[in-house]
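The values are calculated or read from the model by the stated rules, or taken from the named source; none is laboratory data. None of these values were measured; they are calculated from a predicted model. Neighbour counts are summed over all protein chains in view; Cβ atoms, including those assigned to glycine, are modelled from backbone coordinates with ideal geometry. For the accessible areas, the whole protein counts, side chains as well, though only heavy atoms, and no ligand, DNA or RNA atoms are used. Shrake-Rupley method; radii C 1.70, N 1.55, O 1.52, S 1.80 Å.
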Amino acid sequence: MRRSILGWALTVLGLCVALLGLALAVLLGPDGRRTTGPHEIETDGSVVVTAPRVIRWVDVRVDILVEVPVKKPVFVGLGNTVDVENLVDDVRRVEVTRFSAPWKLTTVDREGERSAVQAAPTSLDWWLADAAGLGGASISTTLPDEPVSLAITSIGSSNLSGLKVSLAYGIKGGFLKGLGLLLIGAGGALGGRMLRRGEHVFRDDDGADEVVYVYVDDDGVEHQLTEAEVVAGGFDVIEEEVEPGDVVADGERDTAAPVPAGEDEDGQGAENGAEPELQVGSAPTYVWIDDDGVEHELSEAELAELADDEYEIVDEEDDR
Amino acid sequence: MSRRRLTAALTAGALVLGLAGCAVPHRRGDGPIEKVAATREQVTAIYERYREVRNAAVELLDPTPLSTVETGPVLAVDTGSFVVSQKLKRSGEEDKGPIDVTRVETPRFSAYPLWIFAVVRDSERDIQRLQIFERARAVDPWLLVATPEALATTKIPSLRHNGGGQAIVVKPSDERGMSMSAQAAADAYARVLTDPTAVADAGITEDAFVRQMADVATKNGLLDGVQFEQSWAAEKVEHVVRTSDGGALAFVTLLRRDRYTVPVDRKITWPAGSPQQALLEDGIQGTTATLNYYHQIVVYLPGGTAKPRAIAQFGGVVQGEAG
């Protein structure tokens, strides 16, 4: 029940994230931004400025290009609203009082004692981003977490008639971030689905994948084989043993005892007297190693019979 | 859920949150429109520029460049000392030692003027200067407007800060939590300095600054046959910060006018090399002359009912008018 709830939660969260990422990638496109303009702003003055609180977004990447005809000098700058408001306080200006994307402006003509700002805007040190040029200037910046205003001013005795503004806004690396969110969301949704179905997303034991092939010859001597030797020798797996504590998914085999091909599996099974089955916590196995290093398996009775004369237990291994 | 699975889930969650939290656009709330007066880098630039210009002025023995880094009483006092140096053909000393700015406070403001408060240690003179740099308008440079001095051993009260770590500005008329407002303290100092007998009612401490000024006035008043009048006026207080005890530190500027009326058979002169001698070269004889001084003090208004007291001072003669 708990797993089911968790699975659903993860699925829903994953889908939401994936949709968000998809929307982001589609909306912003490969360059991570939306572009609009150029848009003309009617003015014969020397200052266009955004009113306080018009720019409310934070962490949005903006590129602003301002253009004026006949190569007139122009300046564009983004600064803290306190600074910008003081700069244009008594200057006749066009003030943008409302803006909505992609480009919808409400402007107001503000009266002022002066026709231009009192100092060359390029000489001021408080701009967060600024640029000046002949016929055009552009800035590219990320909106900070502080109140900011945009100011466009003419330089010298010129004015801003014929002003056109182009705007691009988006997120830096937005397209890749969108794709990343899409992938993460999809992964989350898939993980949630697997969790609901009780499938194991991750294995608990790194050694669980290890498969050991053992061939027991007619003398009862075990020979460990590699997977290649099993394939090359044409052995069939007739018995599987799983180490205690291992979790084996359906169809998985952890320990296998191969027999030479052609030998009847059923017959072998009859010889052993039982079908292959999981053996957990089996009885101890006694092995005698001769001078040639060959292992000979002994039963407990054989061990008891010979123990007094020749054998003694020299090593006990617990394979759990 | 196993440990590995939990770790994996947390990692995935952190990844999502990390991506989501990394520069996710959002709208600002309706918080106040404010700005921190200056960044640390700007403060460094302010001091570097100040020292560069001041050293150039000292080298040239010309106070003109100082107007680009100083204003108000500080500029007036410094200009006066430069004029004296010019007349005496005495060169000043350049400040080439390291700038030891021990404390910088940059309050938040919703409108101009902006100002910062800094404490600078002068190892050679074994003093500390409590300075205010102000930017009056967005198009103006940062100018030094106050620089009272205290002994290096004087303990400057700690300041209270807002959540952003900025010092809190107090309105000069605000008297909450203190025995009086900063402006009232400034007016009280002017009243007591003009009439020392008013100290009991004025609500301020008869501190070292008050005693020192009273001694000077007393000595001048003892000049035989000379009529001496002294008056003080407090200028409008503009720079006040909250201290951690709920009190305030206020930068107060006082204008002092010393008026001498000397009969024909008497003559007043000042020691050679003094600013007064430079401004009134021939002294005063058979006429009336006025010397104007600016004094800047830092008044500590403790939280509670304790009386304000001056902890730093700076000043000098800025003008001499004969006739």
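Applying 1/(1 + (r/R0)^6) with r as the Cβ-Cβ distance of residue A:196 and residue A:122 and R0 = 56 angstrom yields a FRET efficiency of 0.35. Result for chain B in a Gaussian network model with C-alpha springs under 10 Å: among B:74, B:240, B:36, the largest mean-square fluctuation is at B:36.
Spin-label model, residue B:40/residue B:287: points 7 Å from Cα along the beta carbon direction are separated by 5.7 nm. The C-alpha atoms of chain B define a longest principal axis, and helix B:3-21 lies at about 50 degrees to it. Rolling a 1.4 Å probe over the protein heavy atoms gives the range A:3-124 an accessible area of 53 Å² per residue.
Rounded to the nearest 10 degrees, what's the angle between the helix B:72-88 long axis and the longest principal axis of chain B, both from Cα atoms, 0 to 90? The angle comes out at about 50 degrees. Computed on protein heavy atoms with a 1.4 Å probe, the accessible areas place B:149, A:305 in the order A:305, B:149, largest first. Going by a ≥ b ≥ c, the root eigenvalues of the Cα gyration tensor, does the range B:37-82 fall in the rounded group (a/c under 1.5), the prolate group (a/b larger than b/c) or the oblate group? Note, shape of the range B:37-82 comes out oblate. Simple point charges give the picture: +1 on the Cβ of Lys and Arg, -1 on the Cβ of Asp and Glu, and for the range A:129-200 a dipole about the Cα centre of about 480 debye.
Modelled label positions at residue A:59 and residue A:172, each set 7 Å beyond Cα in the direction of Cβ, lie 1.3 nm from each other. Within the listed set B:140, B:62, B:174, the Gaussian network model of chain B (springs between alpha-carbon atoms below 10 Å) gives the highest mean-square fluctuation for B:140.
Length gained on full extension, residue A:12 to residue A:141, computed as 0.36 nm times the residue gap minus the Cα-Cα distance: 42.9 nm.
Once the chain from residue B:87 to residue B:223 is taken as fully extended at 0.36 nm per residue, the excess over their C-alpha distance is 46.3 nm. Under 1.5 on a/c is rounded, so check that first for the range B:92-202, then, if it is not, pick prolate when a/b is larger than b/c and oblate when it is not; a ≥ b ≥ c are the square roots of the alpha carbon gyration tensor eigenvalues. Cα axes put the range B:92-202 in the oblate bin.
Projecting the Cα atoms of B:241, B:64, B:220 onto the charge dipole of chain B (Cβ charges, centred on the Cα centre) puts B:241 farthest toward the positive pole.
Between helix B:208-221 and chain B there is an angle of about 20 degrees, using the helix long axis and the longest principal axis of the Cα atoms.
Mean silhouette area of the range B:164-251, derived from the convex hull of its C-alpha atoms and averaged over all directions, reads 6.7 nm².
Applying both filters, DSSP loop and at most 12 other Cβ atoms within 10 Å, to the chymotrypsin sites (Phe, Trp or Tyr not before Pro) of the range B:125-234 eliminates every site.
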